[in-house]
Amino acid sequence: QVQLVESGGGLVQPGGSLRLSCSASGSISSFDAMAWYRQAPGKQREVIAILTGGGRTIYEDSVKGRFTISRDNAKNTLYLQMNSLKPQDTAVYYCNAAQPGHSWWGQGTQVTVSS
């Protein structure tokens, strides 16, 4: 059973930065893809960044150029570097890992962007 644990959320002012981490209980190199999702109050969960097993990155339009997804296989950790944060980035951020027929989620970490 894979366990994912997110960390790094918090309160930040507009224009600030945060780095989220997602630590996996097993080898992340075995996953076909890993991704970051977010869910704002009253909205559906949406995917914002994907990192495939081959190293390809895909970003949702609203975070392109501001967010960067990356991984450290040696540490079994996925990251999301978030720069130039905006109030509309406020949400609970979730880590996801996928293999054919399986999908795992972390518990989420709150990010609040406010002055």
Legend entry - Whole-number accessible area per residue in Å² for the chain, which is evaluated in the context of all protein chains at 1.4 Å: 52 Å²
Inset, instruction - Evaluate E = 1/(1 + (r/R0)^6) for residue 61 and residue 40, where r is the Cβ-Cβ distance and R0 equals 22 Å; express this FRET efficiency to the nearest 0.05. - result: 0.90
Legend entry - Computed label-point distance, nm, for sites residue 103 and residue 88 using a 7 Å Cα→Cβ extension: 2.5 nm
Inset, instruction - Whenever you get a sec, compute what percent of the accessible area on the chain sits on carbon and sulfur atoms (1.4 Å probe). - result: 46 percent
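The values are calculated or read from the model by the stated rules, or taken from the named source; none is laboratory data. None of these values were measured; they are calculated from a predicted model. Glycine gets a Cβ as well: all are built from the backbone with ideal geometry, and neighbour counts include every protein chain shown. All accessible areas refer to the heavy atoms of the entire protein, side chains included, with ligands and DNA or RNA removed. Shrake-Rupley method; radii C 1.70, N 1.55, O 1.52, S 1.80 Å.
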